1. Given the options I206, I388, I12, state which has the largest fluctuation in a GNM of the chain using a 10 Å cut-off (strictly under) for Cα springs.
2. Tell me, what ³J(HN,Hα) does each residue in region 77-93 have, in order and in whole Hz, if you take phi through Karplus 6.51 cos²θ - 1.76 cosθ + 1.60 with θ = phi - 60° and put x for Gly and Pro?
3. Along region 156-161, what does the Karplus equation 6.51 cos²θ - 1.76 cosθ + 1.60 (θ = phi - 60°) give for ³J(HN,Hα), rounded to whole Hz, x for Gly and Pro?
4. Please find, in a Gaussian network model of the chain (springs between Cα atoms separated by less than 10 Å), the residue of I70, I383, I356 whose mean-square fluctuation is greatest.
5. Order these peptides, 171-179, 126-134, by their mean beta-carbon neighbour count within 10 angstrom, highest first.
6. Tell me the mean residue ellipticity at 222 nm calculated for the chain from its helices only (DSSP H runs of n ≥ 4, each -39500 (n - 2.57), averaged over every residue, nearest 500).
7. Got the relative contact order for the chain handy, in percent, Cα pairs under 8 Å and 6 or more residues apart?
8. Using packing as a proxy for protection, rank 277-289, 256-268 so that the peptide with the highest average count of other Cβ atoms within 10 Å comes first.
Amino acid sequence: MQVINDRAQEFIALDNRYGAHNYDPLDVVVARADGVWLYDVNGKRYLDCISAYSAVNQGHCHPRLAAALIEQAGRVTLVSRAIRNDRMGGFLKKLTEVCGYDVALPTNSGVEAVETAVKLARRWAYDVKGLPQNAAEIIVFANNFHGRTTMAISASSQPEYRRSFGPFTPGFVLLPYGNIEALRQAVTPNTAAILIEPIQGEGGVIVPPDGYLRRVADLCREHGALLIADEIQTGLGRTGDLFACDHEDVKPDILVVGKALGGGYYPISAALASRDLMELFQPGEHGSTFGGNPLACAVGEAALDVVIDEHLAERAREMGQDLRERLRALQSPLIKEVRGRGLLIGVELHDSARSIAQALLDHSIVAKDTHANVLRIAPPLIIERGEIGSIAAALGSVLSAR
């Protein structure tokens with residue numbers, strides 16, 4: 001059992017005294033990080049298998065991102081969107097070319113980009129599809145996670161996200177994930193869009209059946225609805241392709257990206273679409289004070305360069321296959337299933353995932369439970385083969401001791 005010493009306890013006490021208790025973190029107090037490693041206030045090293053929920057695909061404190069941040073921070077960090085800056089155009093050119101879209105609208109957090117996509121889909125439904133005002137419906141899926149704003153939790157099925165936060169935003173239709181027949185029956189003339197995570201991360205690393213995303217895209221085309229893909233956690237290499245939709249050669253009408261777009265240095269997100277679709281937004285109708293600021297653009301451009309230049313999608317595919325094979329080879333009776341794609345892996349357990357995560361700290365592994373019995377393992381994509389072996393060995397030791 002991990003022992004929390006006086007130095008760590010001092011920081012934990014400060015957090016508990018002055019911070020809102022809206023998280024229940026593991027009691028590791030990180031003082032610095034490098035690559036795949038976290039170092040606590042006493043210098044103990046931990047292998048990071050959380051990656052800030054895919055925000056540090058490039059690894060912690062990547063030198064190219066640090067250089068971009070420092071150089072830009074010495075020139076200009078923020079100007080009003082009432083004027084232009086010399087970083088945004090180059091960043092958006094790179095982002096759209098990498099992602100394969102005409103236009104991008106930069107925002108800050110993932111949920112802000114999801115909100116942008118929802119507003120854009122509704123605008124399209126009224127101005128292009130011709131639906132009566134306030135009739136548009138967006139289909140979403142059980143156990144989704146699109147963020148924690150009032151709009152996002154209105155689309156959620158999770159009671160803990162919704163309790164005592166109503167009234168909720170109308171216009172969402174909730175369906176089971178992975179059931180194409182239920183989806184087929186639910187699409188109506190009022191369906192403006194289908195909003196989907198290609199793999200549900202926070203929902204327990206749920207991978208839909210093969211061919212499901214392609215059928216969802218086909219339904220959208222058949223019924224004149226938009227497909228919105230939330231690739232905030234799955235995008236930029238995490239699942240072994242640049243985007244999880246690429247696995248089935250699906251191109252959404254609106255792509256939502258975030259997290260790794262800032263490489264752990266700066267919050268940045270975006271919604272991407274065709275020019276005709278994005279130009280439904282007119283000046284003054286949607287915006288963000290910090291969206292597209294020069295510092296974010298400099299970091300975002302460098303973050304994209306690292307993903308492409310270091311072949312992180314390919315690394316995730318190779319290392320992820322190795323890790324899944326090693327985890328399945330443990331053959332522990334406590335493991336119900338090992339699933340995932342690339343380096344987004346869920347280990348479903350016949351045990352408390354939180355207790356397993358706690359025990360892994362004694363083996364210098366930081367991983368996170370999601371739901372009661374799923375351990376999510378998602379290290380930075382720069383992880384090496386020997387470190388993959390350490391993860392499997394540590395989990396094997398913990399499960400053997402239960």
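Laboratory data are not the source of any read-out in this text; all were calculated from the coordinates shown. Bear in mind that the values here come from a model prediction, so they are computed numbers and not experimental data. Please note: Cβ atoms are built from the backbone with ideal geometry, for glycine as well, and neighbour counts cover all protein chains shown.
1. Fluctuation is largest for I12.
2. 10, 8, 9, 5, 6, 5, 10, 9, 10, 8, 9, 5, x, x, 5, 5, 4
3. 9, 9, 7, x, 5, 7
4. Ranking I70, I383, I356 by mean-square fluctuation puts I70 first.
5. Details: 171-179: 16.9, 126-134: 12.1.
Most protected by this proxy first, the peptides run 171-179, 126-134.
6. On the way: 14 runs with 145 residues, N = 402.
Rounded to the nearest 500, the figure is -10500 deg cm²/dmol.
7. 23
8. Working: 277-289: 13.3, 256-268: 26.2.
In descending order of packing, they fall as 256-268, 277-289.
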